[in-house]
Amino acid sequence: MNLAGNTILITGGASGIGLALAERFLQAGSEVIICGRREDKLQEARQMYPTLHTRVCDLAQESERVSLVQWVCQEFPHLNVVINNAGIQKRTQLINTQEEWTAHQQEIAINLEAPIHLSMLSIPLLRQQPNAVLINITSGLAFAPAAFAPIYSATKAALHSFTLSLRHQLLPIGIQVVEIAPPAVNTDLGGPGLHTFGAPLDDFADAVMQRLQAGELEIGYGTSEIVRNASRAELNEAFSRINSR
Ligand SMILES: NC(=O)c1ccc[n+]([C@@H]2O[C@H](COP(=O)([O-])OP(=O)(O)OC[C@H]3O[C@@H](n4cnc5c(N)ncnc54)[C@H](OP(=O)(O)O)[C@@H]3O)[C@@H](O)[C@H]2O)c1
């Protein structure tokens, strides 16, 4: 894809991977809109990059997803790229859990329901644009799950599956569908201090931009590139390794 000249919506773009991609697309000459629940994080991002457009939005809520896309259609009728990046990761004990089901439902709503719904809501606008791209951020854990985050891993496996079907259905109407499956990357995912063992964010984001520019449709990095292409035996080995930590 061209890195310049796009109008791009990045969900969860005020921090981590979303912000790193937003910065790079802005520098390449694209217009970028980011959204998230925390107004202060959106403001911080706008202070760093005054040309960013921001919108407070809780993507766990169906009505907020609908009003986000209505607003974008009205304000940015040339929108041609949607990046479904927002996500949360919870460490979940399946035995004797003390948590209410609504907490788990929230993780499924943000990580899976929202990208599916936003993809479907965006198709009517994207299909009118000459260079339309829909990008879903999954995870290396879509291929080899982390047992400490079983619901998270399942949402990412389901989003990977949805992305394959989406790519197949949108091909005839000229919308490219890209999957980015990050490995562990140093961000605040799951809470500050939990993701400090991963790849440096800037290295990961630079590599992703290069591969987007090269036109790749499935992008991993480091260990996620390995599991993305692994055999069943190699996946079993990866599962043992991830879950022996
Ligand atoms: N970091 C990793 O190791 C890693 C590995 C594989 C995949 N990923 C995926 O990469 C994506 C980005 O994560 P990250 O690592 O950059 O973590 P992050 O810094 O925590 O970013 C997640 C973003 O999503 C937003 N978000 C969460 N819930 C939302 C909601 N209900 N509505 C709107 N926005 C919401 C957050 O903003 P608010 O809290 O303000 O809403 C935040 O800006 C996620 O999909 C994650 O699963 C990350």
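The values are calculated or read from the model by the stated rules, or taken from the named source; none is laboratory data. Keep in mind it's a predicted model, so treat the numbers as computed, not measured. Neighbour counts run over all protein chains shown; Cβ positions are idealised from the backbone, glycine included. Remember, those area values only see protein heavy atoms, side chains included, never the ligands or the DNA or RNA. Shrake-Rupley method; radii C 1.70, N 1.55, O 1.52, S 1.80 Å.
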Note to self: Let me check the size of region 78-198 from its C-alpha atoms; what are the radius of gyration and Dmax in Å?
What the structure shows: 15.6, 52
Notebook entry, point to check: Got a sec? Charge dipole of the chain, +1 on Cβ for Lys and Arg, -1 for Asp and Glu; which of GLY36, MET120, LEU79 is way out at the positive end?
Noted result: MET120
Next item on the list: Could you tell me which of ILE173, HIS104, ILE151 has its Cα farthest along the dipole of region 7-242 towards the positive end, charges placed at Cβ (Lys, Arg +1; Asp, Glu -1), taken about the Cα centre?
Entry: ILE173
Next item on the list: Please list SER139, SER165 in order of solvent-accessible area, largest first, computed with a 1.4 Å probe with all protein chains present.
Entry: SER165, SER139
Check: For the chain, what is the largest minus smallest coordinate of the Cα atoms on each principal axis, given in angstrom and ordered from greatest to least?
Finding: 48, 37, 33
Check: Considering only the other residues whose Cβ falls under 15 Å of the Cβ of LEU201, what net charge follows from Lys and Arg at +1 and Asp and Glu at -1?
Finding: -4
Next item on the list: With a 1.4 Å probe and every protein chain left in place, tell me how much accessible area CYS57 has, in Å² to the nearest 10.
Entry: 10
Next item on the list: With everything on Cα atoms, drop me the angle between helix 150-170 and the longest principal axis of the chain, reported from 0 to 90° to the nearest 10.
Entry: 40
Next item on the list: Calculate for the chain the 222 nm mean residue ellipticity that helices alone would give, adding -39,500 (n - 2.57) per DSSP H run of length 4 or more and normalising by residue count, nearest 500 deg cm²/dmol.
Entry: -14000 deg cm²/dmol
Notebook entry, point to check: With all protein chains present and a 1.4 Å probe, how do TRP71, TRP101 order by accessible area, largest first?
Noted result: TRP101, TRP71
Next item on the list: On a 0 to 90° scale, report how tilted helix 114-126 is relative to the longest principal axis of the chain, with both axes built from alpha carbons and the result rounded to the nearest 10.
Entry: 20
Check: Using a basic spin-label model with each label point 7 Å from the Cα along Cα→Cβ, how many nm lie between ASP206 and ILE88?
Finding: 3.4
Next item on the list: Report, to the nearest 10°, how far helix 201-213 tilts away from the longest principal axis of the Cα atoms in the chain, using its own Cα long axis and a range of 0 to 90°.
Entry: 60
Check: Nearest-5 percent of antiparallel DSSP beta bridges in the chain?
Finding: 0
